[in-house]
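Structure first, commentary second.
Bear in mind these aren't lab numbers, they're just calculated from the coordinates by the rules spelled out. Please read all numbers here as calculations on a predicted model, not as lab measurements. Virtual Cβ from ideal backbone geometry, glycine too; neighbours counted across all protein chains shown.
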Amino acid sequence: MENNVVKTGARAQCRDKSRALAQKIQMQNYTTYSIVGLDTETGEIGGAAASCALAVGSAVIHIHENTIIHTQHMASPVLANDIFVKISKGESAKVALASILESDENIKRRQIILATTENELLAHTGTECELENSHVVGVNCVAAGNSLDRNEVIARMVAIFEENISEPLPLRLLRAIEEGERVQADKRGKQSAALKVTAPANQGEWYMYPNLRVDDHKNPVQELARLWGLFEERRKSWS
């Protein structure tokens, strides 16, 4: 089990209980902007997000094995978990995402982006996600946002990711989020940010990959960049 992902067995009952509880609770809309991406040379996958909501990292970013999923606007770790389960059973990411969305009564309020180490890049933006909203599939990345000040910021985030191809994946993701912050992408303001990267083929050295969260801060992206700097210094000392 990783990121609370339950594949099979008795623990599936816990997943079912979580789903039932989520249906009863009015979930907070994680209006946000975010990006997922991969490094085809290192095999790393990861994502970054920023929002004017508390603890965006806990609700939006989900990684299991070779797949990363961001669920936003109407965030749902349960939905991400269900997609992971289908992929673990052999379905392609495209088929798994389409199947889950088809049965999702809140499909119009979901915004989802997904990437795998096999370079499957997928996105969905529901028709009832708060305006402005958009998603863009780029080279080795997907970005999306809602409650945006203006739509073009998402394309700009993708461009920044693509332009910084010589930098490590965590920094490329961070640069993209910084671009969103620079143009004040979230029209409501700012509160939290997160960055998470992993290398599925190198789980033994998990400590070499960032899992950083700024849950409540006046300048969350700036604070996330500071934490990345500290992490990178420590990582270099271990190399």
_Under the rule a/c < 1.5 gives rounded, and otherwise a/b versus b/c splits prolate from oblate, where does region 86-213 land using the Cα gyration tensor?_
oblate
_What does the charge count around Ile107 come to, taking other residues whose C-beta lies under 15 Å from its C-beta (Lys +1, Arg +1, Asp -1, Glu -1)?_
-2
*asked:* Need one word for region 195-239: rounded, prolate or oblate. Basis is the Cα gyration tensor (sqrt eigenvalues a ≥ b ≥ c); a/c below 1.5 gives rounded, then a/b vs b/c decides.
replied: oblate
*asked:* Just to check I understand the Karplus step: with θ = phi - 60° and J = 6.51 cos²θ - 1.76 cosθ + 1.60, what whole-Hz values come out for region 136-147, glycine and proline as x?
replied: 9, 9, x, 7, 6, 7, 9, 10, 7, x, 9, 6
*Given R₀ = 30 Å, FRET efficiency for Glu223-Asn202 by Cβ-Cβ distance, to 0.05?*
0.65
*asked:* For the ranges 202-208, 168-174, what's the packing order if you count other beta-carbon atoms within 10 Å of each residue, average per peptide, and put the highest first?
replied: 168-174, 202-208
_Which residue fluctuates most in the GNM of the chain (Cα springs below 10 Å): Glu152, Glu41, Glu181?_
Glu41
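If you take the alpha carbon radius of gyration of region 32-146 and divide it by 2.2 N^0.38 Å, what ratio comes out, to two decimals? Don't skip to the answer; put the middle values down first.
Working: Rg = 12.9 Å, N = 115, 2.2 N^0.38 = 13.4 Å.
Here the answer is 0.96, to two decimals.
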*What is the log10 of I(q)/I(0) for the chain, computed with the Debye formula using one identical point scatterer on each Cα and no solvent, at q = 0.07, 0.12, 0.14, 0.17 Å⁻¹?*
-0.20, -0.61, -0.84, -1.27
